[in-house]
Amino acid sequence: MNDFNPCGTRAAPGGKMDAHVHSTYSDGSHTVSELCRMASRLGITHLSFVDHDTTKTYLAAKEAAERNGIFLVPGIEISAYDYRRNRKAHVLGYGYRLPADHIDRLCVKTLEKRDARSHWQLERIKAAGIRVSDGVLERLTKDGGVLYKQFIMAAITDRPFGSAEYQSLYRRLFKGVGIAAGDIEYCDAHDAVRAVKADGGLAVLAHPGQLDSFDLIPELVPDGLDGLELNHPDHTPDDLERIRRLADRYHLFLTGGSDYHGAFGKAECLAAGFPLSIGWTGWKTFDLIKVLPALNCNYKTSLYNIIYKMSNIF
């Protein structure tokens, strides 16, 4: 049984949801308080913070969510890898139990590796004579306690993320033969799905179009994969059609969100305009397979509507 207590008022018809948001607990530029206020101003009623490799954000955001009338769902984006095809594959987890022991055990290794790598990169950059604002780094790492490349960039330049100057500097430092190039080793995507399931959550493959992880989908189904992220800023019309076909074939539900990172990403705002046919089940008190027939729902039904039905029944 999942005993999480979603914040805010009961789900109501006509609301809006963003199920993919990043804060300063990972590589976002806004705090959870700022994001909850932003969501409220935009008319967003449901929010899930899916900060990379950490389950801290949900509890940290509860008070801000309550103040702003936001229905909050526990979330995480696990930075994983498809070792068969040698490419990244991110796994979203929603509605897991807290404490999420299996997820935390898997992700703590990633956080340690990322923090160590980022500090090595920072030292390389400083050694090259590039000026870095330690005050900016201190402010951005206060919540999550992990250093990210995006934080280093913010401490070096005030140029916007989408500008040619920013992108050129980022590539020069962190890509190819850059002085701070290199990546860390990530957990296996199969292990990520299994960890989410072991903690009572729902496992969703994040932005398969962005990372070209389509071929991984049927291989994750036996591990317990529940859904696919459909609506994402990087998905093309062809990606959307392919995701829908795969969801139908393997009986997976669909989610969506802005992948908002604030000043550190391409999305300009939270996903206030995303269709409500894409959303989150919201409650995991009972097994989803058993609940859907009782609510006269199926995998193609709006998951937002499932939130509404279940929050008014229970």
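Assorted remarks:
- One residue stands out in region 98-115 among those that are without any contact (Cβ under 8 Å) to a residue 60 or more places away in the chain and either within 17 Å of Ala154 (Cα to Cα) or more than 17 Å from the chain's Cα centre (by Cα) (or both): the one that is surrounded by the most Cβ atoms within 10 Å (Cβ to Cβ), namely Asp115.
- Checking Leu169 against (1) surrounded by 17 or more Cβ atoms within 10 Å (Cβ to Cβ); (2) under 26 Å from Pro208 (Cα atoms), the condition it does not meet: (2)
- Scanning region 136-157 finds no residues that are under 22 Å from Glu268 (Cβ atoms), loosely packed, with under 14 Cβ neighbours inside 10 Å and aliphatic (A, V, I, L, M).
- Verdict on Ala195 being buried (at least 20 other Cβ atoms within 10 Å of the Cβ), among the hydrophobic types (A, V, I, L, M, F, W, C), on the phi < 0 side of the Ramachandran plot and modelled with pLDDT of 95 or more: yes
- Meets criteria (without any contact (Cβ under 8 Å) to a residue 24 or more places away in the chain, more than 22 Å from the chain's Cα centre (by Cα), surrounded by 12 or more Cβ atoms within 10 Å (Cβ to Cβ) and outside the structural domain of Gly75 (by TED's automatic domain parsing)) for Val132: no
- Residue list for region 180-200, filter: over 25 Å from Phe214 (Cβ atoms) and part of a loop (DSSP other than H, G, I, E, B): Ala180, Ala181, Gly182, Asp199, Gly200
- Checked against (1) surrounded by fewer than 23 Cβ atoms within 10 Å (Cβ to Cβ); (2) out of contact with any Gly (no Cβ under 9 Å at 6 or more places or on another chain); (3) among the aromatic types (Phe, Trp, Tyr), Phe174 passes all but condition (2).
The values are calculated or read from the model by the stated rules, or taken from the named source; none is laboratory data. Because the structure is predicted, anything quoted here is derived from the model rather than measured. Positions of Cβ are generated from backbone atoms using ideal geometry, with glycine treated the same way; all protein chains shown enter the neighbour counts.
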